[in-house]
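> If you scroll down you'll find the structure; I have some questions about it.
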Amino acid sequence: MRSLLLFLALFSFTVSLGYSQNQISGKVTSQDGQPLIGVTVIVTKSKKGAVTNTEGYYSISNLPNGEIKLVANYLGYLAAEKTLILANNSQTVDFILQESNELLQEVVIASEREVGYVATTQTAATFGPRRMLDLPQSVSVITQEVLLDQQVRALGDLVRNDPSVIVSNPPGFNETLNMRGYNLDNSSSYRRENLIFQNQVVSPFENKAAVEIVKGPAAIRYGFTPPGGIINYVLKRPTKTPLVFIQGFGDSNGTVGVHGDFGGKVNQNFGYRINTVISEEASYVKGVSGPRQLFSALFEWTPTEKLTIDFEGEYQYRELEQQATLRLNSFSRDLSIEQQKQLIKDFDPRTFIGQKWGTYPTRNFVSSIGTTYKINADWKVQGRIQKMNLIRDQKAAGIVNRSLQANGDFVSEIFFDPAQVRDPLSIEAFITGKVKTFGLEHNLSIGGAYSNNPLKFSQGNAQFIAGPSNIFNPVELPFPEAKAGQSVEALVFTQKAAFVTDFIKVSEKLELLAAVRFTEQQNRDVFNDSGTLQESYRDNIFSPNFGIIYKPLENLSVYSSYATGVTNGLQIPSDAANFGTDIFLDPVETAQFEVGFKADLFKRVLLTGAYFDIDQPLAFLDQNNVFGYGGSQRHRGVETTFSGQVTDNFKVIVGGLYLNAVIDNPSQPNLDGQRPASVPELQGNIYADYAFDFVKGLSVNAGVFYTGDRFADNFGTFNVDGFTRLDLGSRYEFNLFGKNLTARLNVRNVTNIRFIEGLAFGSFLYGAPTTAIFSLAANF
């Protein structure tokens, strides 16, 4: 609270200072004099920018005195630069853009991800960038401007902007997501530059330009993944001119830190982007806090006009205590469901029921090398290889199964596994280009992929009793005599694949998609009689995709698609009768039908709508306590999104989801017809940002996030109430001593409601109480 008061005092002081009256405005047109809508105009050496309106006009206020360089970027046109001198005045700067032979310029794609609330292109659902309107699939892109304005520090902070995503966020641990009602897989559903990111560590966002959310089966690009979709982190790229961005940040929980972002070019052919963070993190749970350090660097080299090579690395260390969580199997069998619900209601989520020795230190290093070679104007070859090394020492204090009593008493245990290693290697290479045959234009992608993902952890029993405690009056317990077994390579997932995709342009209005991926998957583990690493699964599968895109108007497309996929088998519960000699079920095939539309309104707002129907075999515990497949889990839903800059002053992100998720298993009457666990029927989000004219540089924002009722089990017996969370915030951009500064204040959960946010893996994960997040940033 002391840090919050200090920030508010600083905020009030800076607002009272005078600010520069410098303003740049102008119009952007094509060579034939037509206004261009949606052009991104950026002030270099800063993160300030604007997007042209329906008449091609833009305006950027509150700029420092001195030399200013403007860059105008627009899809299908060459970037244009202009330099001018500001001295407490307003100037008009117009641009006339020339058309480019290349439809998609990488510089346009990179810049639009850092300015604005909507991106018109994506890279995660296809091989190489492709316009949203030319894609028969639902994809969301959360840009860096949204990350900054909402002060995103964790994955759960940003995915609330998409109505199809549910987050579960255990304090001190990594987050897990559910998309379109299906849980994502930590080993395959999270991607970084489209390659494997093992989601057992909290990903940093300071070095990310955007986050792409691909919804539905993604087997064509990623192979064995759950049918809900994937998350892809897009890295920041070198800036064309020098960038120095320094931000101090904190929150009312006690978090404090500093972030530096540096970009530019050493010479015409070599650029860099470096991000550093030093912070002390604190959770809303009292006593859960610890250090975090980040260093990342990306270098881009263009030795020739045709060849581009980038190489990068990212290191992060993070250590916090891990909060023990209430789970379905925590409660004593003597408690009724009403008694269990009362305990959940009465428990104060700010109370730390773990142990101070129960920390979760993670050291994560990931590095990659990528290359692009342009053969000619139509064809290019791309490839990337990435290696990740995650080391985590888990000393998690938890609740012994069935030990939680009506008065809050429970038995505390420790899960002790101090030498876990996640070491995935992933490679992807493909050639893209276009060719005409029989009057049809084929936009082809042909390539292959390889990944090897070993998981190393202790073999043998790693759970030890720590002693008695109480969720209302926790007891500090000594560290038990816990010794881990030998750390071995216990699980290895290896995948080899080849793929072909073809976007067939029949006419200016009609385009077809035909794609197929051949994937060979091999799983090896030590969960066998010999206790040695042996093959437990091997198969090869063809996954076809088909789609139709029809564009009755240039800015409107309607589409339908059929996608197949394959998902790795679920982990068998430790209390199941068949746990031990097996740890995972075999992979299964999935399928989705989707029909939808996308409209690019004024080149600044993207409106989308989709109906989807996903089917996946159901995994469940039968009457013999055997975990296996039977019946299906079918999710049919309608989702819509509306995001972008509605006016020069007003930006929004709006979304809604209706999801009819049903278990179909006639052989199990207690399951048949039920809604799957943790899946709401309704979910929605509204986030709006408004910039005032009468106070230059001042903006206010508000967010409303709704999640409907859910069940904690698959039997429809344990209902969990829905919730509506209200957020408020403000942003003030000003000039002080010739420097651009931005102060931000966001208050989440303003009404301080107590709610269950996530239900991943049978846990009751609370949302944070009222929290103020603040920052002060400077551009040099």
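Here, each number is a calculation from the coordinates, and none is a lab measurement. Remember, predicted model here, so these are calculated numbers, not experimental data. Here Cβ is always computed from backbone atoms with ideal geometry, including for glycine, and neighbour counts include all displayed protein chains.
> Would you mind checking the pairs K82/K380; K387/K456; K434/K505 and listing those with alpha carbons more than 21 angstrom apart? Please list the in-between numbers first.
Numbers: K82/K380 31 Å; K387/K456 16 Å; K434/K505 10 Å.
The pairs that break the limit, which is 21 Å between Cα atoms, are K82/K380.
> With a sphere of radius 12 Å drawn around the Cβ of E520, what net charge do the other residues whose Cβ falls strictly inside it have (Lys, Arg +1; Asp, Glu -1)? It would help to have the intermediate numbers written out before the result.
Numbers: positive: K496, R517, R538; negative: D539.
Neighbour charge sum, excluding E520 itself: +2.
> Mind sorting I60, I653 by how few other Cβ atoms lie within 10 Å of their own Cβ, fewest first?
Final ranking by Cβ density, sparse to dense: I60, I653.
> For the chain, what does the helix formula give at 222 nm: sum of -39500 (n - 2.57) over DSSP H segments with n ≥ 4, over the residue count, nearest 500 deg cm²/dmol?
Values: 6 runs with 47 residues, N = 780.
After summing the helix terms and dividing by residue count, I get -1500 deg cm²/dmol.
> Which value results when the Cα radius of gyration for the chain is divided by 2.2 N^0.38 Å? Walk me through the intermediate numbers first.
Details: Rg = 26.2 Å, N = 780, 2.2 N^0.38 = 27.6 Å.
Expressed relative to 2.2 N^0.38 Å, the Cα Rg reads 0.95.
> Count the DSSP beta bridges whose two residues both fall in the chain, then state the antiparallel fraction as a percent rounded to the nearest 5. Don't skip to the answer; put the middle values down first.
On the way: 320 of 332 bridges.
About 95 percent, rounded to the nearest 5.
> Karplus couplings for region 357-368 from phi (6.51 cos²θ - 1.76 cosθ + 1.60, θ = phi - 60°), rounded to Hz, Gly and Pro as x?
7, x, 9, 9, x, 10, 10, 10, 10, 9, 9, 8
> If you don't mind, another one. So what J values fall out for region 740-748 if you push phi through Karplus, 6.51 cos²θ - 1.76 cosθ + 1.60 with θ = phi - 60°, rounded to Hz, Gly and Pro as x?
Running phi through 6.51 cos²θ - 1.76 cosθ + 1.60 with θ = phi - 60° gives 7, 10, 9, 9, 10, 9, 10, 10, 9 Hz.
> Under a point-charge model restricted to the Cβ atoms of Lys and Arg (+1) and Asp and Glu (-1), what is the dipole moment magnitude of the chain relative to its Cα centre, in debye to the nearest 20?
Values: 68 positive and 77 negative charges, 323 e Å.
Dipole about the Cα centre, nearest 20: 1560 debye.
> Nearest 0.05, what FRET efficiency do I385 and E589 give at R0 = 30 Å with Cβ-Cβ as r? Show your work: numbers first, answer last.
Numbers: r = 29 Å, r/R0 = 0.96.
Using R0 = 30 Å, I get an efficiency of 0.55.
> Here's another thing I want to ask about it. If you average the C-alpha positions of region 191-205 and of region 141-158 separately, how far apart do those two centres end up, in angstrom?
Result: 15 Å between the Cα centres.
> Using Cα pairs under 8 angstrom and six or more residues apart, how large is the relative contact order of the chain, in percent?
Working: 2258 pairs, mean separation 85.4, N = 780.
For the chain, the relative contact order is 11 percent.
> Can you list the HN-Hα couplings for region 278-288, worked out from phi with the Karplus curve (6.51, -1.76, 1.60; θ = phi - 60°), rounded to whole Hz and with x for Gly and Pro?
Each residue of region 278-288 in turn: 10, 8, 10, 8, 9, 8, 5, 6, 5, x, 9 Hz.
> Could you pull out every residue, at least 5 positions away or on a different chain, whose amide H is within less than 5 Å of the one on T771? Hs are placed 1.01 Å off N in the peptide plane, and Pro or chain starts have none.
The list, which skips near neighbours in sequence, is R748.
> Which net charge results when you count Lys and Arg as +1 and Asp and Glu as -1 among the other residues whose beta-carbon is under 9 Å from that of M132?
Details: positive: R130, R131, K598; negative: D134, D600.
Charge balance in the 9 Å sphere: +1.
> What ranking do V516, V167 get, fewest neighbouring Cβ atoms within 10 angstrom at the top? Don't jump to the answer; show the numbers that get you there.
On the way: V516 17, V167 21.
Ordered from fewest to most neighbouring Cβ atoms within 10 Å, V516, V167 come out as V516, V167.
> Exposure proxy check: L726, L147, L177, L195 ranked by fewest other beta carbons within 10 Å? Show your work: numbers first, answer last.
On the way: L726 15, L147 20, L177 27, L195 23.
Placing the least packed residue first, the sequence is L726, L147, L195, L177.
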